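S.K.: Sharing a structure below in structure tokens format, with a few things to ask.
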Amino acid sequence: MCKLFKKIFRCCESEEFFSQIEYGKDPVEICRLRTKGCLEWYMRKAIFYKYLFYSLSFINLSLPLLSATIMAVTDKKDIGITLASITSLSASLLALFNARDRWTNYRTAAENIKKQYSLYCGKVKPYDDEKAHSNYLYLLEQYMTEVHANWYKMQMESQEKE
């Protein structure tokens with residue numbers, strides 16, 4: 001599954017980014033590569049949790065209907081019990097992974113990074129002076145630190161509920 005996921009959602013090679021820093025190349029290119037890597041990571045996570053949310057939600061909606069239909073038409077109660085068990089497992093996984101919240105958090109982070117990069121490319125404040133590159137990278141890293149802190153807080157709150 002992981003190999004399939006990596007093939008579908010390829011990400012920027014970190015070597016490309018590090019080679020830009022090592023040789024002191026163009027700061028604009030460094031900002032572009034860092035943004036590209038961040039966006040790819042956040043979007044990959046958002047897409048994964050979006051599919052997880054919709055898949056588990058579909059199972060939670062369709063299997064009870066299928067189970068009721070099968071039990072009404074046939075005398076096979078084992079199938080109904082099995083489908084009810086799968087539905088219960090799916091609902092538990094949906095609650096455990098908190099897929100909808102994670103999907104929206106990663107998507108919001110990606111949109112914010114795109115917004116900041118647009119402001120940077122447009123040379124809008126605070127990116128309108130000679131320190132635009134360092135300001136952009138500093139704010140980008142600071143934002144990602146905040147996102148990580150929020151994610152960690154969300155993880156701790158979900159563990160406390162258990």
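The values are calculated or read from the model by the stated rules, or taken from the named source; none is laboratory data. The shown structure was predicted, so the numbers you read here are calculated from the model rather than taken from an experiment. Reconstructed Cβ throughout: ideal geometry from the backbone, glycine too, with neighbour counts over all protein chains shown. Protein only, heavy atoms only, side chains kept; ligands, DNA and RNA dropped before computing areas. Shrake-Rupley method; radii C 1.70, N 1.55, O 1.52, S 1.80 Å.
S.K.: Tally time: how many residues in region 111-162 are within 26 Å of Ala95 (Cβ to Cβ), open to solvent by 50 Å² or more (accessible area, probe 1.4 Å) and of a type in the set (Ser, Thr, Tyr)?
M.R.: 1
S.K.: Any idea how many residues of region 99-138 are among the small types (Gly, Ala, Ser) and closer than 12 Å to Lys45 by Cβ?
M.R.: 3
S.K.: Using beta carbons and a limit of 6 Å, which pairs, at least six apart or on different chains, have the first residue in region 88-102 and of a type in the set (A, V, I, L, M) and the second one open to solvent by less than 70 Å² (accessible area, probe 1.4 Å)?
M.R.: Ala91/Asn60; Leu93/Leu56; Leu94/Leu56; Ala99/Tyr49; Ala99/Leu52; Ala99/Phe53
S.K.: Considering only region 43-78, state which residues are among the charged types (D, E, K, R) and at pLDDT below 90.
M.R.: Asp75, Lys76, Lys77, Asp78
S.K.: I've got another one for you. Which residues, counting only those in region 27-68, are under 14 Å from Asn105 (Cα atoms) and not hydrophobic (A, V, I, L, M, F, W, C)?
M.R.: If the condition is that a residue be under 14 Å from Asn105 (Cα atoms) and not hydrophobic (A, V, I, L, M, F, W, C), then Tyr42, Arg44, Lys45, Tyr49, Lys50 are the ones that fit.
S.K.: Could you check how many residues of region 77-87 are of a type in the set (S, T, N, Q) and farther than 10 Å from Pro64 by Cβ?
M.R.: Matching residues across region 77-87 total 2.
S.K.: If you scan region 24-40, which residues turn out to be out of contact with any Leu (no Cβ under 8 Å at 6 or more places or on another chain) and either buried (at least 18 other Cβ atoms within 10 Å of the Cβ) or of a type in the set (Val, Ile, Thr) (or both)? Steps first, please.
M.R.: We begin by selecting, within region 24-40, every residue out of contact with any Leu (no Cβ under 8 Å at 6 or more places or on another chain); these are 24-29, 32-33, 36-37, 39-40.
Across region 24-40, the qualifying residues are Val28, Leu33, Leu39.
S.K.: Regarding Ser158, is this residue modelled with pLDDT under 90 and either more than 16 Å from Asn98 (Cβ to Cβ) or in contact with a helix residue (DSSP H, G or I) (Cβ under 9 Å, 6 or more places away or on another chain) (or both)?
M.R.: Here the answer is yes, as Ser158 does meet what is asked.
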